[in-house]
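> I have a structure I would like to understand better, so I am pasting it below and will then ask my questions one at a time.
The values are calculated or read from the model by the stated rules, or taken from the named source; none is laboratory data. Because the structure is predicted, anything quoted here is derived from the model rather than measured. With ideal geometry, Cβ positions are generated from the backbone for all residues, glycine too; neighbour counts draw on all protein chains shown. When the accessible area is computed, the model is the full protein with side chains, heavy atoms only, and any ligands, DNA or RNA have been set aside. Shrake-Rupley method; radii C 1.70, N 1.55, O 1.52, S 1.80 Å.
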Amino acid sequence: MRKLLTLLFMLAWLWPEAKAQTVTRSWDFDDPVVNRVADGWNISLYGNPNVDNGILKLTAVNQGGYCNINFNAPAGQSIVDPSVSKRFIIRIKNGTKDRIGSFLWKVDNEENFRRMEILMTTEDTQFKEYVLDLTHDLRWTGNITNILMQLMHD
């Protein structure tokens, strides 16, 4: 049976640490999903990906694995300057019983991802905002070339 994961990404922001909280990068999902790509994010192992009123809607269909969305920087570029952007904010409505999500990133051409786990509420009926604060994570440094949002789904 397919579980509906309305892992709905309404807005994702990278915020600088400075007091004047200005957005350094945002994804608003205004354009439709084309070839499993939404606003630069590649969608893997989700069914029926679509965008509706700025919300990326995904249905988790993978049994016993990871569903993810992945953002790669164009060659020679960085997604964000980690010395300035320290927080990643997402809004999700998790319609599954799966509690653990992961925020992963790669620096330069490293082979392995660096990971931060996210404990999420389950079977949500409303959006929840999660703030991933990387201010004191010494791994949040260098040229960030890839960001991955992942949900373990069983």
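> How would you order 82-88, 72-78 from highest to lowest mean count of nearby Cβ atoms within 10 Å?
For the peptides 82-88, 72-78, the packing ranking is 82-88, 72-78.
> Here's something else I'd like to know. Using a 1.4 Å probe on the protein heavy atoms only, what accessible surface does Asp31 show? Give it in Å² to the nearest 10.
Near enough 100 Å² of accessible area.
> Got a sec to turn the phi values of the stretch 115-132 into Karplus ³J(HN,Hα) couplings, 6.51 cos²θ - 1.76 cosθ + 1.60 with θ = phi - 60°, whole Hz, x for Gly and Pro?
Coupling constants for the stretch 115-132: 10, 10, 8, 10, 8, 10, 6, 10, 6, 5, 10, 10, 5, 10, 9, 10, 10, 9 Hz.
> Moving on. Assuming R0 = 25 Å, what is the FRET efficiency of Thr121 and Asn70, from their Cβ-Cβ distance, to the nearest 0.05?
Once rounded, the FRET efficiency stands at 0.60.
> Spelling out what I want: for every residue of the stretch 133-150, take phi, set θ = phi - 60°, compute 6.51 cos²θ - 1.76 cosθ + 1.60 (Karplus), and round to whole Hz; glycine and proline get x.
My calculation for the stretch 133-150 gives 9, 9, 3, 9, 8, 5, 7, 7, 7, x, 8, 6, 10, 8, 10, 9, 10, 9 Hz in order.
> Per residue and in Å³, how big is the convex hull formed by the alpha-carbon atoms of the stretch 55-154?
Given the Cα convex hull of the stretch 55-154, per-residue volume reads 112 Å³.
> Which one, Ser83, Asn143, Val131, projects farthest toward the positive side of the charge dipole computed for the stretch 75-154 from Cβ point charges (K/R +1, D/E -1)?
Checking the options against the dipole of the stretch 75-154, the answer is Val131.
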